[in-house]
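The values are calculated or read from the model by the stated rules, or taken from the named source; none is laboratory data. These figures come from a predicted structure and were not determined experimentally. Note that we place each Cβ from the backbone using ideal geometry, even for glycine, and neighbour counts take in every protein chain shown.
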């Protein structure tokens, strides 16, 4: 019997990257932010850098969850998006009670959009590979 491993991507070992990454996101999200914060304008000047970081961070979480769940259910891309979006919203709720953080609905939106974009890409790619 082969032992599950992150390298081979078998068994519960697929969850290890998700757990580690989610813990890093949690710690970064509840830590006291640096004085001065981030530069206000992000790429294209449309939204702040923090919103881009939220989108990329939760896109990454979605990708890791999708990998961990792939093949476990027919709707694994949608489940991955839901897990990441709910986790992000939960962290915003936690931030609402911290004196140096606050709940921001735009952060929730950025988290969800990042998760959704990756979920769509993962879903399309997986369907194409199944059809081939």
- Counted residues, the range 48-65 - those being over 10 Å from the mean Cα position of the chain (by Cα) and either surrounded by 17 or more Cβ atoms within 10 Å (Cβ to Cβ) or on the phi > 0 side of the Ramachandran plot (or both): 4
- Checking residue 23 against (1) modelled with pLDDT under 85; (2) exposed (fewer than 12 other Cβ atoms within 10 Å of the Cβ), the condition it does not meet: (1)
- If you check residue 71 against the conditions, is it within 14 Å of residue 23 (Cα to Cα) and surrounded by fewer than 16 Cβ atoms within 10 Å (Cβ to Cβ)? no
- Message: Would you confirm, using the coordinates I've provided, whether residue 17 is surrounded by 11 or more Cβ atoms within 10 Å (Cβ to Cβ), modelled with pLDDT of 80 or more and part of a loop (DSSP other than H, G, I, E, B)?
- Response: no
- Task: Starting from the range 60-80, keep only residues that are within 14 Å of residue 127 (Cα to Cα), then list their pairs with residues that are in a loop (DSSP other than H, G, I, E, B) whose Cβ atoms are within a distance under 6 Å, requiring at least 6 positions of separation or different chains.
- Result: 76/70
- Task: Name, by its number, the condition in (1) surrounded by 13 or more Cβ atoms within 10 Å (Cβ to Cβ); (2) at pLDDT below 95 that does not hold for residue 86.
- Result: (2)
- Message: Which numbered condition in (1) loosely packed, with under 12 Cβ neighbours inside 10 Å; (2) modelled with pLDDT under 95; (3) within 25 Å of residue 100 (Cα to Cα) is the only one that residue 43 fails?
- Response: (3)
